[in-house]
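Taking it in order: structure first as structure tokens, then the write-up.
The values are calculated or read from the model by the stated rules, or taken from the named source; none is laboratory data. What you see is a predicted model, and the numbers here were worked out from it, not measured in a lab. Cβ coordinates were reconstructed from backbone atoms using ideal geometry, including for glycine residues, and neighbour counts include every protein chain displayed. Ligands, DNA and RNA are stripped out before the accessible areas are found, and what is left, the full protein with its side chains, is counted by its heavy atoms. Shrake-Rupley method; radii C 1.70, N 1.55, O 1.52, S 1.80 Å.
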Amino acid sequence: MLKKLFCLIITATLITTAFAQRPKFKVLALYTTTVESDHVDFAHDAIKYFTDLAVKRGFVFDTTTNWKNVNDDYLKNYQLIIWLNDFPQNAGQRAAFVKYMDNGGAWLGFHVAGYNDKYTKWPWFVSFLGSAVFYNNSWPPLPAKLVVDDGNHAVTRGIPANFIAPINEWYGWKPSPRLNKDIKVLVTLDPANYPLGKKDIIRDGDIPVVWTNTQYKMLYINMGHGDQIFTSDVQNKLFENAVMWLGRGR
Ligand code: ZN
């Protein structure tokens, strides 16, 4: 009898442990090491940050520099795909990504991952991003004051209404994604920063820096240039919130 009870307790413990240790979701971060060195630095820092976060928050975090992995078979293993500093380069990879998103996958794009201009020729992606096309940038990289548009969203919860983001290259977009009815802007560049930059100067405009297209489980974050991005506890918390929100799926 006692032996049976002991066995039961052991079994229950094993089941509980297995449940507690089961990862909440799986994340795949894609990046490239041959792009602008500041963008490579960011990717390496991001991998370090998210690797630690994965242990702390109980998800799987895998990385690859092989964009050929952007195919149906590979992507189906993951609930969240992150583009750290690059984007798909050919029609096959683009099609696999569209299918992944249409089937309920989640995406997080940093900085240059959202870059698109007249040479990109990927209308689906422009629409996915909220019609935002790269317009201008600030240079050299500088810190900037950011305004949280909605502190009640899962991504911005616990983030103060204003904070100073570490040194980054800031992108402006035309049209502003805010004009798109499907877009919810979560964080915006404070106009008090203008003129922002020395060589390349952002002088005006409504410039969202974090937003989601509500038709998808996606988030774009403009931060992602250089080796200072993960030096702010406030901003790091926003990144953590972003991954936890996206990883839980639709
Ligand atoms: Zn950059």
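A few remarks follow.
- Summed over the stretch 20-53, the residues that are assigned to a helix (DSSP H, G or I), crowded, with 19+ Cβ neighbours inside 10 Å and free of Cβ contacts under 8 Å to residues at least 60 places away in the same chain give a count of 1.
- Flag for GLY197 being over 18 Å from the mean Cα position of the chain (by Cα) and away from the ligand (no atom under 16 Å from the Cβ): no
- Considering the conditions (1) more than 16 Å from the ligand (Cβ to nearest atom); (2) modelled with pLDDT of 95 or more; (3) outside any helix (DSSP H, G or I), PHE87 is excluded by exactly one of them, (1).
- Hey, HIS111 in contact with a Gly (Cβ under 6 Å, 6 or more places away or on another chain) and open to solvent by less than 60 Å² (accessible area, probe 1.4 Å) or not: yes
- Filter result for the condition that a residue is of a type in the set (A, V, I, L, M, F, W, C), open to solvent by less than 40 Å² (accessible area, probe 1.4 Å) and within 14 Å of the ligand (Cβ to nearest atom), over ILE207, ILE183, ILE229: ILE229
- Top-ranked residue in the stretch 141-180 [being closer than 14 Å to LEU129 by Cβ and in a strand (DSSP E or B); ranked as nearest to the ligand (Cβ to nearest atom)]: TYR171
- Exactly one residue among PRO143, PRO166, PRO195 is farther than 18 Å from GLY224 by Cα and modelled with pLDDT of 95 or more, and that residue is PRO195.
- Every listed requirement among (1) open to solvent by less than 30 Å² (accessible area, probe 1.4 Å); (2) free of Cβ contacts under 8 Å to residues at least 40 places away in the same chain; (3) more than 23 Å from ASP38 (Cα to Cα); (4) not basic (Lys, Arg) is met by VAL155 save one, (2).
- Subset of the stretch 210-226 [in a loop (DSSP other than H, G, I, E, B) and within 16 Å of the ligand (Cβ to nearest atom)]: ASN222, MET223, GLY224, HIS225, GLY226
- Positions within the stretch 125-150 being of a type in the set (Gly, Ala, Ser) and either open to solvent by less than 30 Å² (accessible area, probe 1.4 Å) or touching a Leu at 6+ places or on another chain (Cβ under 9 Å) (or both), in sequence order: GLY130, SER131, ALA132, SER138, ALA144
- ASN116 open to solvent by less than 40 Å² (accessible area, probe 1.4 Å), part of a loop (DSSP other than H, G, I, E, B) and free of Cβ contacts under 8 Å to residues at least 40 places away in the same chain: yes
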